1. Let me know the shape class of the stretch 74-160, please: from the alpha-carbon gyration tensor, a ≥ b ≥ c as square roots of the eigenvalues, rounded when a/c is under 1.5, otherwise prolate if a/b is greater than b/c, or oblate.
2. Distance in nm between label sites at Lys12 and Arg84, each 7 Å beyond Cα in the beta-carbon direction?
3. Relative to the present Cα-Cα distance, how much length would full extension add between Glu3 and Ile107 at 0.36 nm per residue of separation?
4. Test of understanding: what is the full-extension gain from Lys30 to Asn91, defined as 0.36 nm times their sequence separation minus their Cα-Cα distance?
5. With every protein chain kept in the model, how would you rank His129, His22 by accessible area, 1.4 Å probe, largest at the top?
6. Take the solvent-accessible surface of the protein heavy atoms, probe 1.4 Å, and return the percent of it on the stretch 1-41 that carbon and sulfur atoms account for.
7. Per residue of the stretch 108-113, in order, report the coupling 6.51 cos²θ - 1.76 cosθ + 1.60 (Karplus, θ = phi - 60°) as ³J(HN,Hα) in whole Hz, putting x for Gly and Pro.
Amino acid sequence: MKEKLEEYKREKAKAERRQGVHFLDPGDWKEWVYLYDRGLYRYRYMNQNRPVSTTVSRFGYPVVGAYLDRKGQEDKVFYESRIRGISDVLNLPGRKDVWKINRVTEIRQKENKDVEVTVVYQEYGNIRHDFKKGEQERTITVKRKWSCFNELMDYFSDLCR
């Protein structure tokens, strides 16, 4: 009886998770962000309306590293504060990398405790503004150091079953 109750609680938690909108953010602005909104999406978008300027050092080569890093983090905060679902990501202007993850075929742990997840996904077409018809398979590394590691692995486990 106790086992059935635990199973019921797990199933109810999964159903609630599927109905909500959840952001799983690795914390590094250069990484992909995961979004669970009636499906699992992986996306990356940075502000493409801001012109990138460079400064030239006295040695003659451009210095852009610190400037781009600071601007990239500002862009991340700006856009993530406005994204409430996958439609907000798709409506942003310019090019964006978005994957709709349809299913998980394999999950395996690496020696350093990171996890490799093989997924079947559809890529978002920036020209047609829709997800492409063909599915592709790719292996994603989910890093143990990410703050969203446990939640992300729960979602991938759900998709694997």
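1. Judged from the Cα gyration tensor, the stretch 74-160 comes out oblate (a/c at least 1.5, b/c at or above a/b).
2. Those two pseudo-labels are separated by 2.8 nm.
3. 34.9 nm
4. Contour length minus the Cα-Cα distance gives 19.9 nm.
5. His129, His22
6. After summing per-atom areas, the C and S share lands at 52 percent.
7. 9, 8, 8, 5, 8, 6
The values are calculated or read from the model by the stated rules, or taken from the named source; none is laboratory data. This is a predicted model, so every value here is computed, not measured. Using ideal geometry, Cβ is built from the backbone for each residue, glycine included, and neighbour counts are taken over all protein chains shown. Calculation scope for accessible area: heavy atoms of the full protein, side chains included, ligands and nucleic acids excluded. Shrake-Rupley method; radii C 1.70, N 1.55, O 1.52, S 1.80 Å.
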